[in-house]
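Let me begin by presenting the structure, written as structure tokens, before commenting on it.
The values are calculated or read from the model by the stated rules, or taken from the named source; none is laboratory data. This structure is a prediction, so every number in the text was calculated from the model and none was measured. Backbone-built Cβ (ideal geometry, glycine too); neighbour counts: all protein chains shown. All accessible areas refer to the heavy atoms of the entire protein, side chains included, with ligands and DNA or RNA removed. Shrake-Rupley method; radii C 1.70, N 1.55, O 1.52, S 1.80 Å.
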Amino acid sequence: MIAFIGIGANLGDAQANVLDAIARLKALPGATLLGSSSLYRTAPIDSSGDDYVNAVASIDTTLAPQALLEALQEIELAHGRERPYRNAPRTLDLDLLLYGDETIATGTLSVPHPRMHERAFVLAPLLEIAPSVAIPGRGPAAGFVPQVADQFITRIA
């Protein structure tokens, strides 16, 4: 199954944390890294703290969605991720954005990610590596770019 992972960090060495997350996705058992976007700097949304470093990675995985989520959370924990409150600054954040064309709604997982179409920090890197990707139930991701045009984002690497 092709899955897309949103990656972000704004605490510590955010750029190194994002690059390490990509390396860990490449080494993840049951997954093959298909590609990763450039790195982008973005201002926090509904949050505070330093600017974020963001990217999106694409994997081909045999892991079930919940198992993939748990593997992503293990990578976050390896970076000292804490969740003191919603949208708190973070050393590393990994979001399962898309899992094939599936729609998943459980107590712990919502796919497609419910706000991905509202975030430039998701759309820009996602469209860089998958320009024709569609968001199940919403349509082509590219169609949402005009709605996020006012959000600060710049490619950094």
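The conditions are (1) modelled with pLDDT of 95 or more; (2) under 13 Å from the mean Cα position of the chain (by Cα), and residue 93 fails exactly one of them. Which is it?
Exception for residue 93: condition (1).
Of all residues being out of contact with any Lys or Arg (no Cβ under 9 Å at 6 or more places or on another chain) and in contact (Cβ under 8 Å) with a residue 60 or more places away in the chain in segment 128-147, which is nearest to residue 56 (Cα to Cα)? Just the residue, please.
129
Looking at segment 48-57, can you tell me whether even one residue there is assigned to a loop (DSSP other than H, G, I, E, B), of a type in the set (Asp, Glu) and either modelled with pLDDT of 95 or more or within 22 Å of residue 1 (Cβ to Cβ) (or both)?
Within segment 48-57, the first condition is being assigned to a loop (DSSP other than H, G, I, E, B), and the residues that meet it are 48-51.
Going one step further and asking which of them are of a type in the set (Asp, Glu), we end up with 50-51.
This time we only want the ones that are either modelled with pLDDT of 95 or more or within 22 Å of residue 1 (Cβ to Cβ) (or both), so: none.
No: segment 48-57 contains no residue that is assigned to a loop (DSSP other than H, G, I, E, B), of a type in the set (Asp, Glu) and either modelled with pLDDT of 95 or more or within 22 Å of residue 1 (Cβ to Cβ) (or both).
Please give the number of the condition residue 79 fails out of (1) touching a Ser or Thr at 6+ places or on another chain (Cβ under 8 Å); (2) at pLDDT below 95; (3) surrounded by fewer than 19 Cβ atoms within 10 Å (Cβ to Cβ).
In the conditions (1) touching a Ser or Thr at 6+ places or on another chain (Cβ under 8 Å); (2) at pLDDT below 95; (3) surrounded by fewer than 19 Cβ atoms within 10 Å (Cβ to Cβ), residue 79 misses (3) alone.
Which residues, counting only those in segment 14-28, are part of a loop (DSSP other than H, G, I, E, B) and either crowded, with 20+ Cβ neighbours inside 10 Å or touching a Ser or Thr at 6+ places or on another chain (Cβ under 9 Å) (or both)?
Listed by number, the list holds a single entry, 28.
So which residues in segment 92-117 are open to solvent by less than 30 Å² (accessible area, probe 1.4 Å) and in contact (Cβ under 8 Å) with a residue 60 or more places away in the chain, if there are any at all?
Residues satisfying the conditions are 92, 93, 94, 96, 97, 98, 99, 100, 116.
Restricting attention to segment 30-50, which residues are within 19 Å of residue 98 (Cα to Cα) and open to solvent by 70 Å² or more (accessible area, probe 1.4 Å)?
Selection gives 32, 34.
Looking only at segment 1-59, count how many residues are hydroxyl-bearing (Ser, Thr, Tyr), under 22 Å from residue 78 (Cβ atoms) and in contact with a Gly (Cβ under 9 Å, 6 or more places away or on another chain).
2
Going through 67, 134, 78, 57 one at a time, which residue ends up being small (Gly, Ala, Ser) and touching a Pro at 6+ places or on another chain (Cβ under 8 Å)? Can you show your working first?
Values: 67 fails: touching a Pro at 6+ places or on another chain (Cβ under 8 Å); 78 fails: touching a Pro at 6+ places or on another chain (Cβ under 8 Å); 57 fails: touching a Pro at 6+ places or on another chain (Cβ under 8 Å).
Checking each option against the conditions leaves just 134.
Just one of 27, 64 is without any contact (Cβ under 8 Å) to a residue 12 or more places away in the chain and under 24 Å from residue 157 (Cα atoms); which is it?
Exactly one of 27, 64 is without any contact (Cβ under 8 Å) to a residue 12 or more places away in the chain and under 24 Å from residue 157 (Cα atoms), namely 27.
Quick check, is residue 68 part of a helix (DSSP H, G or I), open to solvent by less than 50 Å² (accessible area, probe 1.4 Å), at pLDDT 95 or above and hydrophobic (A, V, I, L, M, F, W, C)?
Here the answer is yes, as residue 68 does meet what is asked.
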